[in-house]
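Only the coordinates and a few stated rules stand behind these numbers; no lab work does. In this text, all values refer to a predicted model and were calculated from it rather than measured experimentally. We place every Cβ from the backbone using ideal geometry, glycine too, and count neighbours over all the protein chains shown.
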Amino acid sequence: MTWTRIWTRVLVVAFLSAVACAQAPSSQEVDAVYPDAHALYLDIHENPELSSHEVRTAAKLAARLRGLGYEVTEHVGGTGIVAILKNGAGPTVMLRTELDALPVEEKTGLAYASKVHAKDDAGRDVPVMHACGHDLHMASIVGTAAIMARSKNTWHGTLMLIGQPAEETIAGAKGMIADGLLTRFPKPDVAVALHVGNLLPAGTVGIVPGVYNTNADSLRLTIYGKGGHGAAPQTTIDPIVIAARTILALQTITSREVKPGEMAVVTVGYIHAGTKNNIIPDQAELGLTVRTRNAEVRKQVLAAIERITKAEAEAGGAPRAPLLDHYESTDLVYNDPALAQRMKGTLEAALGKDNVVIEDPIPASEDFSYFVEQGIPGFYFSLGGADPEKFAEAKASGIMLPSNHSALFAPDVDPALRTGIAAEVAVLRGLLK
């Protein structure tokens, strides 16, 4: 190799390194927006709203983005918001956050812990908590939006920020698309999102090229019986006993019907039956979640659930076949491998190589996949949320930290929020060259 070629390669590497560093926000940029982002986080965490009811949350996010100079449209697909900032010719990049919280009673003991109760769609009074980190996602996107609006000299194109409702009920993305998200507004060339969790320490991010998570199917099973006095079970057909046998039988699907090594989960998350200890009810209702990665396994598991629930009801002498309602579903999230590899370099330049890890696919699911299925390359990455010291202690002891959806879930806000903002800005600048 000649000295000319060597020197050319050195110059190219130096140039690319300089470009990557330019994409990373400075600590001063993050510091400038952090107080406002943190204040929003505390407010939203303390005032969570259930899926499809995120009226206050959406209004607050819309007001912040409008104040930063974004063109904001509200009530897209319900409570969804779309914020557009145009900055000359270039690609359109979508960054999405979720708006909704969960029917969970918070037990973190934090000074700003939620004490909110609300009526769910069935009219039941339930506690509400941001147990999945969507509050931190919203705070991150506001901080990111502020930096991007104040540094237009670092990027070109159209930035599209999405506040999506009802992620937890797998309805929000579909609803926004049905309401014209991709026809009323510029269709994105790339879609980006992140998710905080305790699987990584705060200050780090994780990348999964290709398959990121799982398909999800939500089922509602109603088992019918014949009610009567608890002291005279021979005069009844007990749906609770049938439900108990059904729950146990369903667990044999993954252990005895799915090929070992294939990913499949069948979980019964709730059972509702009866009103009093000495009354056998007429029916019992079960809520199931099913997670898979392979399309054929998904079909196999759903068919097995239908077969087992019918057989157990017949074996128990039920007066009619059970009702199985497949009311929610979403496909797995797929990260474009080339895009993921490109963003890995961008994030390493912004956060440091040791703070960017390659992860295995996770068993959770979410409806970001609806955007990807519209032909939009997607990049969905993980944001570390665990206190670094507690993470190290848990890893050494083999004890799991509270997961998302736990009443004890509480991200280590600083540095998780700072890292979320820095990561999002770096990714957006990298894509909006």
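General remarks:
- Label-to-label distance, Ile399 versus Ile240, with points set 7 angstrom from Cα along the beta-carbon direction: 3.5 nm.
- Per-residue ³J(HN,Hα) for the range 156-172, Karplus 6.51 cos²θ - 1.76 cosθ + 1.60, θ = phi - 60°, Hz, x for Gly and Pro: 9, x, 10, 9, 10, 9, 10, x, 9, x, 6, 5, 5, 10, 6, 10, x
- Applied to the range 78-91, the Karplus parametrisation 6.51 cos²θ - 1.76 cosθ + 1.60 on θ = phi - 60° returns per-residue 3J(HN,Hα) values of x, 9, x, 10, 10, 10, 10, 10, 9, 9, x, 6, x, x Hz, with x for Gly and Pro.
- Among the listed pairs Lys259/Lys299; Lys60/Lys390; Lys226/Lys276; Lys174/Lys433, those whose Cα-Cα separation exceeds 22 Å are Lys60/Lys390; Lys174/Lys433.
- Relative packing of 85-95, 155-165, 50-60, which averages over residues the other C-beta atoms within 10 Å, highest first: 155-165, 50-60, 85-95
- Label zone of Arg342 (point 7 Å out along Cα→Cβ, amide N under 18 Å): in the range 207-246 this covers 207-211.
- Placing +1 on the Cβ of every Lys and Arg and -1 on the Cβ of every Asp and Glu, with no other charges, gives the range 346-433 a dipole of roughly 280 debye about its Cα centre.
- The relative contact order of the chain comes to 24 percent, based on Cα pairs under 8 Å that sit 6 or more residues apart.
- Dipole of the chain [Lys/Arg +1, Asp/Glu -1 at C-beta], most positive-end residue of His75, His45, Ile207: Ile207
- Relative to the longest principal axis of the Cα atoms of the chain, the long axis of helix 55-67 lies at roughly 10 degrees.
- Charged neighbours of Gly228, selected by a Cβ distance under 14 Å, balance to 0 (K, R count +1; D, E count -1).
- Applying 1/(1 + (r/R0)^6) with r as the Cβ-Cβ distance of Thr275 and Tyr112 and R0 = 35 angstrom yields a FRET efficiency of 0.45.
- Each peptide in 349-361, 200-212 gets a packing score, the mean of other Cβ atoms within 10 Å over its residues, and the list from highest to lowest is 200-212, 349-361.
- For the chain, the longest principal axis of the C-alpha atoms and the axis of helix 27-46 are separated by about 20°.
- Environment charge at Trp155 (Cβ cut-off 11 Å; Lys +1, Arg +1, Asp -1, Glu -1): +3
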